[in-house]
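The structure appears below as structure tokens.
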Amino acid sequence: MERKVRVRFAPSPTGPLHIGGVRTALYNYLFARQHGGDMILRIEDTDSQRFVPGAEDYINEALAWLGIGIDEGVREGGNYGPYKQSERRDIYRDHVRMLLDAGKAYIAFDTPAELEAARAATPNFQYDASTRMSMRNSLSMPADEVKALIDGGEKYVVRFKIEPGRDVEVNDLLRGKVTINSSILDDKVLYKSADDLPTYHLANIVDDHLMEVTHVIRGEEWLPSAPLHVLLYEAFGWADTMPSFVHLPLLLKPDGKGKLSKRDGDRLGFPVFPLEWHDPKSGEISSGYRERGYLPQAVVNFLALLGWNPGDDTEIMSMDELIEKFSFDHCSRSGAKFDFEKGKWFNHKYLQEMSDEELAQMYKPVLKEHGVDPSAWTDEYITRVVGLVKGRINFVGDLWDQSKFFFVEPEEYEEKSVRKRWNAEMPAIMGELIEVLKGLEDFSSKAAEPVVLGWIADKGYHLGNVMNAFRLTVVGECKGPHMFDITELLGCDETVRRIQLGIDRLG
Ligand code: GLU
């Protein structure tokens, strides 16, 4: 019987979600949506030592910001809960018992010091079929002794009893069949009596089974655990509902070799987290894509293409298009270089798709940050400003640099241009220009431009020098949109006032 596709994203709340984890969540989501399946968010918090307060909220907020919808989870509820592992202790305890009763697991009492001694005595020591009988466990000790120790409150762990010499097959949709020999695996700890909690491996498998997960899509770093997971599925007798595995390739440093790390981001100046993260212990703040001015659609599009392509060179794709086109057939098996410049390009593209009205609303807080009260201007004015400069921006924050002169007069004049364009005759010429502009009945770009250019030609002035000096007085530097579009928006009075100010200041 065809099973309904069910996938899970299963982060451990040990800190902010790394951008690689976000990509894993995204691929799970795309796959689930494409197949009309369910997307589960499971919080894997069985390692109390590494628990970080705020991390779970962070994960929820980041996924919501990116539009990665969750069907079942701690917040969403669902028929397979609880969705937080620390609330599923009873379930794990029962399952540990099932393995013990079936003789597929055993109890071990070895203390850290004893394990240390075994490691020191035997090179490459591994707790497995070849060594377990020389250790202190329920296989090597008489049953009454084991019982007495447990009754006496002695701490123990439960280990998985791995049969050596078996070929274990992992079916990975990206990599094909990966076969490893069970002899290289150690008898992994599944449960610790000290905190009455399972380890990652047991909890992960039990939950994947009980939550009826059909596809385990996760980072490549979990590939070495997969044979053990296959063996656990078999030990429980669940082999016929074994999920398919997909181990996604790593995100790599933009330069050099190796896995993308937070240090690379710090070194090269880009975030590796979706949202800004305030570390509750150190107080350190790590930058996030959201706070850097990225649009979530741009981040999603950018991440989707880090390790996957649609089979042609289409680059701009909405979430719906990604859902339609996504396929593991076009996922790469090798790591994807993290190209931060490309991320900026995506943001640029998505900003261009937005309407000037929307961008104007997003610009308002930026104006405020720079001490400009946006309510002093009409929405129409801000919208028209945005329309003139948006082609030059990668982020909403860039709007300020490109358009501040629409809101504040120049504080200074770019030195190089002053040297090049402002000569002894310029104050007089600018004085004449003021008269020409004042004489205009229609101050629109279309009407003003031929009149001013005509005046320059009649006088035989140098076109470049005059226009640049004009721009210098109004903008403060020799860049920006078309000059007469600027003056049309500023209006005659403000334009004239600025030219006069330039004359007075530059002399
Ligand atoms: N809790 C693991 C993690 O943090 C889950 C790995 C898996 O998806 O199986 O990545």
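Any read-out appearing in this document is the output of simple, stated calculations on the displayed coordinates, not a laboratory observation. Please read these numbers as outputs of a predicted model, since none were measured by experiment. So basically every Cβ, Gly included, is an ideal-geometry build from the backbone, and we count neighbours across all protein chains shown.
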By the mean-Cβ-within-10 Å protection proxy, highest first, 142-154, 280-292, 341-353 rank as 341-353, 280-292, 142-154
Links exceeding 18 Å between C-alpha atoms in this model, out of LYS344/LYS390; LYS446/LYS479; LYS84/LYS281; LYS349/LYS390; LYS349/LYS479; LYS147/LYS192, come to LYS446/LYS479; LYS84/LYS281; LYS349/LYS479
Applying the gyration tensor rule to the Cα atoms of the stretch 421-507 (axes a ≥ b ≥ c; rounded if a/c under 1.5, else prolate if a/b exceeds b/c, else oblate), the class is rounded
In debye to the nearest 20, the charge dipole size for the chain, taken about the Cα centre with +1 at each Lys and Arg Cβ and -1 at each Asp and Glu Cβ, equals 1200 debye
Residues whose built amide H sits under 5 Å from the amide H of ASN137, excluding neighbours closer than 5 in sequence, are PHE109
Net charge near ASP94 (other residues with Cβ under 12 Å of its Cβ; Lys, Arg +1; Asp, Glu -1) is +2
Quick note on PHE406, PHE51, ordering by fewest other C-beta atoms within 10 Å, gives PHE51, PHE406
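Listed highest first by mean packing, meaning other Cβ atoms within 10 Å per residue, what order do 110-119, 394-403, 376-385 come in? Kindly include the intermediate steps, with their values, before the conclusion.
Details: 110-119: 12.5, 394-403: 18.6, 376-385: 15.9.
Ranked from most to least packed, the peptides come out as 394-403, 376-385, 110-119.
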Under the Karplus relation with 6.51, -1.76 and 1.60 and θ = phi - 60°, whole-Hz ³J(HN,Hα) for the stretch 25-30, x at Gly and Pro, equal 4, 4, 5, 4, 4, 4
When the charge dipole of the chain is computed with +1 on Lys and Arg Cβ and -1 on Asp and Glu Cβ about the Cα centre, the Cα farthest towards its positive end, among ILE499, HIS482, GLY21, belongs to GLY21
One computes Rg over Rh for the stretch 167-325 from alpha-carbon atoms, with the Kirkwood Rh, and obtains 1.03
Once amide hydrogens are built 1.01 Å from N within the peptide plane, the residues lying 5 or more places from VAL216 or on another chain with amide H under 5 Å from its amide H are SER244, PHE245, VAL246
Around VAL74 (Cβ within 11 Å, Cβ-to-Cβ, excluding VAL74; K/R +1, D/E -1) the net charge comes to -3
Residues whose built amide H sits under 5 Å from the amide H of VAL168, excluding neighbours closer than 5 in sequence, are ILE180, ASN181, SER182
Applying the gyration tensor rule to the Cα atoms of the stretch 264-380 (axes a ≥ b ≥ c; rounded if a/c under 1.5, else prolate if a/b exceeds b/c, else oblate), the class is oblate
By Cβ neighbour count within 10 Å, fewest first, GLU2, GLU87, GLU412 rank GLU2, GLU412, GLU87
Taking the convex hull of the alpha-carbon atoms of the stretch 308-440 and averaging its shadow over every direction gives an area in square nanometres of 13.6 nm²
The stretch 444-466 and the stretch 87-146 have their Cα centres apart by a whole-number Å value of 90 Å
Going residue by residue through the stretch 400-408, the Karplus relation 6.51 cos²θ - 1.76 cosθ + 1.60 with θ = phi - 60° gives ³J(HN,Hα) values, rounded to whole Hz and with x marking Gly or Pro, of 4, 4, 7, 9, 4, 5, 6, 10, 9
Over the stretch 1-99, the quotient of the Cα radius of gyration and 2.2 N^0.38 Å is 1.13
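What shape does the stretch 373-435 take by its C-alpha gyration tensor, where a ≥ b ≥ c are the square roots of the eigenvalues and a/c under 1.5 counts as rounded, a/b above b/c as prolate, and the rest as oblate?
prolate
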Any trypsin sites (Lys or Arg not before Pro) in the stretch 1-87 that lie in a DSSP loop and have at most 14 other Cβ atoms within 10 Å would be ARG3, LYS4, ARG75
Taking the chain and counting helices only, DSSP H stretches of n ≥ 4 at -39,500 (n - 2.57) each over all residues, the nearest-500 ellipticity at 222 nm comes to -13000 deg cm²/dmol
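Can you give the local net charge around PRO481? Use residues other than it whose beta-carbon is closer than 12 angstrom to its beta-carbon, Lys and Arg +1, Asp and Glu -1.
Counting the neighbours of PRO481, the net charge comes to +3.
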Relative to the compact-globule estimate 2.2 N^0.38 Å (N residues), the Cα gyration radius of the chain stands at a ratio of 1.39
P(r) over all Cα-Cα pairs of the stretch 318-363, 5 Å bins from 0 to the longest distance, whole percent per bin, short to long, reads 5, 15, 13, 19, 23, 11, 6, 6, 1
One finds the C-alpha centres of the stretch 288-337 and the stretch 392-422 to be spaced, in Å, by 35 Å
In debye to the nearest 20, the charge dipole size for the stretch 443-507, taken about the Cα centre with +1 at each Lys and Arg Cβ and -1 at each Asp and Glu Cβ, equals 140 debye
Least to most buried among LYS368, LYS390, by other C-beta atoms within 10 Å and fewest first, runs LYS368, LYS390
